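The values are calculated or read from the model by the stated rules, or taken from the named source; none is laboratory data. Quantities reported herein were computed from a predicted structural model and do not represent experimental measurements. Neighbour counts run over all protein chains shown; Cβ positions are idealised from the backbone, glycine included. Please note that ligands, DNA and RNA were not included when accessible areas were found on the heavy atoms of the full protein model with its side chains. Shrake-Rupley method; radii C 1.70, N 1.55, O 1.52, S 1.80 Å.
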Amino acid sequence: MEYRNLGKTEIRVTPIIYGAWAIGGWMWGPQDESAAVDAIRTSLDAGINAIDTAAVYGFGRSERLVAKAVKGRRDKTVIMTKYGLRWDAGNVGTLRFNTTDLQGHPLKVYRYAGAKSVVEECERSLKNLDTDYIDVYQIHWPDDTTPLEETFGAIEKLMKQGKIRAAGVSNYTTELLADANSVIQLASCQPPYSMVLRNAEKDIIPWCEENQVGVVVYSPLQRGLLTGKITPDYQFAPDDHRRGNVFFTPHNIASVNAFLAKIKPIADAHNATLAQLVINWTVHRNGITAALVGARNAKQAQENAAALNFTLTSQETQTINNLLDELKIEK
């Protein structure tokens with residue numbers, strides 16, 4: 001299995017990192033706990049060495065499932081989690097969105113990363129994860145109500161206390177990246193990125209390359225769109241966050257499926273699924289350290305890990321790139 005350094009740190013991660021959003025059972029529909037634990041353990045057994053979660057994923061449930069799954073092999077697993085989205089601290093920071101908890105009760109989620117809040121969240125995540133340290137602690141979304149010096153000053157103290165090993169950010173602009181990196185050395189940045197959403201190539205990825213900050217992209221399968229399993233008439237559950245998302249309009253689904261049909265012969269040549277081909281292409285893009293890929297059961301986890309078992313030729317990569325240039329997505 002290949003390992004890549006995360007920025008300037010000594011933390012090494014596999015090109016695929018297990019993404020633990022969906023297993024929290026929030027915004028993706030219900031999740032069976034035993035299946036989630038099996039998915040994580042299967043990923044680890046297949047050689048994937050890192051897991052990415054967040055406090056808000058199931059409001060602690062995802063972190064607790066991660067703890068259960070890695071018990072007995074914590075020292076061999078890189079755990080990344082996130083802070084800065086509060087649903088339990090009252091009206092603080094900036095409202096991010098309205099949602100419901102796992103029982104369907106309404107909740108307001110706020111972007112907030114004041115120093116005291118950061119420490120509180122870290123202590124709770126340590127407890128949820130049943131560990132005494134977090135490998136990479138990442139701010140989930142920018143908080144425009146708190147100075148960066150305050151947020152990352154708290155992170156620096158937590159690092160000195162040994163509670164976290166490295167600092168990361170998610171959904172940051174290049175301006176915010178530069179400001180944060182001037183306060184504390186960042187290990188990683190998490191931007192959204194997929195074949196059909198490549199904005200990060202314009203600025204985020206080049207900035208990270210220049211400043212030696214790892215790039216861990218999320219939603220490389222565009223939340224399932226690039227698997228080829230979504231049809232134009234697909235009916236999403238009422239609590240599925242993809243319902244009403246611009247990428248999942250009938251037109252866009254049809255356009256993407258037509259593109260996928262054209263690259264399927266490449267997948268077939270490597271005895272791979274479309275999803276495996278998309279993941280493989282993604283983790284070999286210039287400047288990308290790793291991609292977050294979720295799995296809700298052991299079978300999906302095995303399939304994801306197998307995406308690293310083949311190598312695309314330069315001609316195959318160029319064919320995919322040329323077809324992507326022709327793909328029209330309505331946004």
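Apply 1/(1 + (r/R0)^6) to the Cβ-Cβ distance of GLN212 and HIS284, taking R0 = 25 Å, and write down the FRET efficiency to the nearest 0.05. For GLN212 and HIS284, the calculated efficiency is 0.80. Most tightly packed first, judged by the mean number of other beta-carbon atoms within 10 Å of their residues, the peptides 301-310, 104-113 read 301-310, 104-113.
For segment 144-242, what ratio Rg/Rh do Cα atoms give with a Kirkwood hydrodynamic radius?
1.09
With a cut-off of 15 Å between beta carbons, the residues surrounding PRO192 carry a summed charge of +4, where Lys and Arg count +1 and Asp and Glu -1.
For segment 57-142, the equivalent ellipsoid built from the Cα gyration tensor has semi-axes of 24, 15, 9 Å, listed from largest to smallest. Cα extents for the chain along the principal axes, largest to smallest and rounded to whole angstrom: 53, 43, 40.
All other residues whose Cβ lies under 12 angstrom from that of LEU85 are scored, Lys and Arg at +1 and Asp and Glu at -1, for a net of +2. When each of the peptides 273-282, 94-103 is scored by how many other beta carbons lie within 10 Å of its residues on average, the order from highest to lowest is 273-282, 94-103.
In the chain, the calculated helix contribution to ellipticity at 222 nm averages -11500 deg cm²/dmol per residue, counting -39,500 (n - 2.57) for every DSSP H run with n ≥ 4. Within the shell of other residues whose beta carbon sits under 13 angstrom from the beta carbon of LYS8, the net charge comes to 0, with Lys and Arg scored +1 and Asp and Glu -1. In this structure, the residue pairs whose Cα-Cα separation is over 20 Å, taken from LYS8/LYS116; LYS8/LYS160; LYS229/LYS264; LYS82/LYS163; LYS116/LYS160, are LYS8/LYS116. For segment 59-114, the dipole from Cβ point charges (+1 on Lys and Arg, -1 on Asp and Glu) about the Cα centre works out to 260 debye, to the nearest 20.
By accessible area, using a 1.4 Å probe on protein heavy atoms only, segment 119-212 has 47% of its surface on carbon and sulfur.
Of the solvent-accessible surface of segment 227-331, computed with a 1.4 Å probe and all protein chains present, 49% belongs to carbon and sulfur.
The alpha-carbon of LYS71 sits under 20 angstrom from the alpha-carbons of these aspartates and glutamates, leaving out residues fewer than 8 places away in its chain: ASP32, GLU33, ASP38, ASP45, ASP52, GLU63, GLU123, ASP130, ASP132, ASP135.
Of all the options GLU63, GLU209, GLU175, the one that moves most in a Gaussian network model of the chain with Cα springs shorter than 10 angstrom is GLU175. In segment 196-318, the inverse of the mean reciprocal separation of distinct Cα atoms equals 15.7 Å; this is its Kirkwood hydrodynamic radius.
Per residue, the accessible area of the chain comes to 44 Å², computed with a 1.4 Å probe over protein heavy atoms only. Taking 18 Å as the cut-off, the amide N atoms of segment 43-84 that come nearer than this to a point 7 Å along the Cα-to-beta-carbon line of LYS116 belong to 84.
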